[in-house]
1. State all residues of segment 112-155 that are surrounded by fewer than 18 Cβ atoms within 10 Å (Cβ to Cβ) and among the β-branched types (Val, Ile, Thr); if no residue qualifies, say none.
2. Counting residues that are farther than 17 Å from SER51 by Cα and in contact with a Cys (Cβ under 8 Å, 6 or more places away or on another chain), which strands (runs of 3 or more DSSP E) fully inside segment 63-155 reach at least 3?
3. With the condition kept exactly as written, say whether any residue in segment 87-106 is among the aliphatic types (A, V, I, L, M), open to solvent by less than 30 Å² (accessible area, probe 1.4 Å) and under 19 Å from the mean Cα position of the chain (by Cα).
4. So ALA78 passes all but one of these: (1) surrounded by 14 or more Cβ atoms within 10 Å (Cβ to Cβ); (2) modelled with pLDDT under 90; (3) not basic (Lys, Arg). Which condition number does it fail?
5. Could you list all residues from segment 51-73 that are open to solvent by 60 Å² or more (accessible area, probe 1.4 Å) and touching a strand residue (DSSP E or B) at 6+ places or on another chain (Cβ under 8 Å)?
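The values are calculated or read from the model by the stated rules, or taken from the named source; none is laboratory data. Computed from a prediction, not measured in an experiment: that's the story for all the values here. Every residue, glycine as well, gets a Cβ built from its backbone with ideal geometry; the counts of neighbours run over all protein chains shown. Side chains included, ligands, DNA and RNA excluded: accessible areas come from the protein's heavy atoms. Shrake-Rupley method; radii C 1.70, N 1.55, O 1.52, S 1.80 Å.
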Amino acid sequence: MGCQVPAQNWLRSGWMTAVLVMVGSSLLYPVLWSLLWQLHGTITGGYISGSHSLALINCPNEEIAREIARGLLEKRLAASVNMMPKSSSLYIWKGEIEESSEVLLMVKTRTVKLHELSGYIRLVHPFEAPDLMTVPIDQENVDYSKYIEEVTVRT
């Protein structure tokens with residue numbers, strides 16, 4: 001009987017350790033990947049597919065688009081933002097077909113910044129459900145990759 005108690009305590013501490021490692025790993029995942037990408041880029045001079053992303057955000061007008069773009073740059077959530085001229089948008093909203101004119105932002109950023117970028121957009125965007133889509137960048141100019149890394153680091 002004396003042998004079973006230590007085994008149960010060991011099992012409990014083993015499960016607790018496993019849970020703590022899993023939780024810690026999931027919280028540190030973006031940070032660890034960012035460090036890995038920086039290390040890889042430093043050693044090889046290359047770009048790892050998916051380490052940067054393109055975010056597409058529709059805005060109701062140029063003034064709001066410009067304010068959002070400046071905010072993203074000031075907070076170092078983006079390295080560069082392109083504002084595409086007004087375009088017509090057709091969509092279904094609350095069961096009705098709607099048509100409006102919008103300005104598209106094309107945002108270049110690090111993939112690890114997307115969660116923070118998304119939170120910022122939800123906070124400042126006037127739409128009830130902001131149109132934010134992201135696409136990982138498969139191939140990128142190495143010099144431009146370095147530029148995104150340098151610019152999006154918080155000072």
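1. Once the filter is applied, which keeps residues that are surrounded by fewer than 18 Cβ atoms within 10 Å (Cβ to Cβ) and among the β-branched types (Val, Ile, Thr), segment 112-155 yields VAL124, THR134, VAL135, VAL142, VAL151, VAL153, THR155.
2. 96-110
3. yes
4. (2)
5. If the condition is that a residue be open to solvent by 60 Å² or more (accessible area, probe 1.4 Å) and touching a strand residue (DSSP E or B) at 6+ places or on another chain (Cβ under 8 Å), then GLU62, ARG66, LEU73 are the ones that fit.
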